[in-house]
Amino acid sequence: MTATRIDGKGFAAQMRGRIADQVAALKQEHGITPGLAVVLVGDDPASQIYVRSKHRQTVEAGMQSFEHRLPSDASQSELLALIGRLNADEQVHGILVQLPLPPHIDESEIINAIAVRKDVDGFTVANAGRLATGQRAMVPCTPLGCLMLLRDRLGDLSGKDAVVIGRSNIVGKPMAALLTAENATVTVAHSRTRDLPEVVRRADIVVAAVGLPGMVKGDWIKPGATVIDVGINRTGDGLVGDVDYDSAAQVADAITPVPGGVGPMTIACLLANTLTACCRMNGLGDPEGLTL
Ligand code: NDP
């Protein structure tokens with residue numbers, strides 16, 4: 001058996017098309033243009049690439065893109081002052097601080113200075129708490145994209161056994177919260193998990209968010225499972241995921257490739273969250289088909 005390749009790239013392109021249509025309608029009917037501000041501190045090469053593609057895709061969707069680049073020695077108070085200005089700026093509906101920040105910066109204080117309604121990454125304690133308690137939240141983009149792919153592939157997730165490998169605040173924990181809200185039975189695995197292959201073998205849904213190239217092997221996968229590979233690892237062979245694609249594809253029903261799976265969904269969901277934030281701030285209904 002060879003698994004169906006879940007086309008995150010194509011799904012994300014369709015989503016961006018729907019976003020662009022709704023942005024155009026918002027402009028025409030209400031004279032409002034959603035705006036996303038991205039803050040980049042320092043010159044980390046991977047961050048530069050992410051920020052460039054976020055900018056390009058924001059503009060292509062018809063939104064305003066505001067880029068703020070600060071030197072790597074920018075101070076905590078300079079950054080806080082910038083966030084304060086962006087919080088007050090009516091043209092800005094979404095604020096994203098590109099992580100990681102330099103070590104002298106208190107990342108948590110910076111993230112939590114972002115106005116909750118503009119927190120399109122969903123990383124503030126307030127949004128994380130809302131998600132965890134089942135209230136309307138800004139949902140972190142990567143797990144949101146994973147859930148959209150899972151819903152598209154499987155429909156109702158009720159009663160499915162899901163294993164999330166990784167418990168970071170940006171992927172694993174919110175992914176587990178989303179799957180729980182979908183009535184899946186969720187296990188969160190991490191570096192201290194005993195007999196990870198055996199835990200993964202129970203899963204109808206596997207979400208791997210670890211950062212170890214090809215860690216999840218085909219013989220860990222339950223026949224017919226759906227596998228979502230969040231990992232982005234730069235190796236001598238190029239970009240690879242956390243799942244050993246070739247062996248997993250022999251067993252799974254469906255699997256996301258790397259690249260072309262979860263990655264493009266993350267930026268599409270960032271644009272979706274920006275549009276949602278803009279609609280909510282203007283007292284309009286949530287955009288169609290872009291929220292949970
Ligand atoms: P973190 O490093 O923050 O978290 C990694 C998690 O994996 C931790 O919970 C850690 O456990 C767990 N882990 C580490 N080693 C093992 C192991 N041997 N067995 C089981 N669990 C293990 O990573 P992120 O969540 O930020 O990112 C994970 C991956 O996803 C990375 O490859 C990253 O590049 C990618 N990513 C991709 C995105 C996309 O857009 N596609 C967006 C964000 C991330 P413990 O908590 O015990 O240390």
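No value in this document is a laboratory result; all are computed from the given coordinates. Just so it is clear, the structure is predicted and the values come from calculations on it, not from any experiment. Here the Cβ positions follow ideal geometry from the backbone for every residue, glycine too, while neighbour counts run over all protein chains shown.
Taking R0 as 30 Å, what FRET efficiency do you get between residue 246 and residue 156 from their Cβ-Cβ distance, rounded to the nearest 0.05? Calculated value: 0.50. For the chain, adding -39500 (n - 2.57) for each run of n ≥ 4 DSSP H residues and dividing by the number of residues yields -13000 deg cm²/dmol at 222 nm.
Between residue 169 and residue 202, take the C-beta separation as r, use R0 = 35 Å, and let me know the FRET efficiency to the nearest 0.05.
Working: r = 25 Å, r/R0 = 0.72.
The calculated FRET efficiency here is 0.90.
Between residue 286 and residue 193, the simple spin-label model (points 7 angstrom out along Cα→Cβ) gives 2.8 nm.
Please give me the summed charge of the neighbours of residue 41: other residues whose Cβ is under 11 Å from its Cβ, Lys and Arg +1, Asp and Glu -1.
On the way: positive: 69; negative: 43, 44, 73, 78, 107.
Result for the local shell: -4.
Can you classify segment 1-127 as rounded, prolate or oblate using the Cα gyration tensor, where a ≥ b ≥ c are the square roots of its eigenvalues, rounded means a/c under 1.5, and otherwise it's prolate if a/b beats b/c and oblate if not? Taking the square roots of the gyration eigenvalues as a ≥ b ≥ c, segment 1-127 is oblate.
Considering only alpha-carbon pairs that sit under 8 angstrom and 6 or more positions apart, the relative contact order computed for the chain is 21 percent. The residue 133 and residue 104 beta-carbon pair, evaluated with R₀ = 30 Å, returns a calculated FRET efficiency of approximately 0.35.
With no other cysteine's Cβ closer than 4.7 Å, which Cys residues of the chain count as lacking a disulfide-compatible partner? Lone cysteines by the Cβ rule: 146, 278, 279. Between segment 10-28 and segment 178-241, the alpha-carbon centres lie 31 Å apart. Computed extension gain for residue 181 through residue 90, at 0.36 nm per residue and net of the alpha carbon distance, reaches 29.5 nm.
Note on residue 43 and residue 9: their simple-model spin labels are 3.1 nm apart, each label 7 Å out from Cα toward Cβ. Name the shape class, rounded, prolate or oblate, that the alpha-carbon gyration tensor gives for segment 6-78, where a ≥ b ≥ c are the square roots of its eigenvalues, rounded holds for a/c under 1.5, and otherwise prolate holds if a/b is larger than b/c and oblate otherwise. It is oblate, given that a/c is not under 1.5 and a/b is not larger than b/c.
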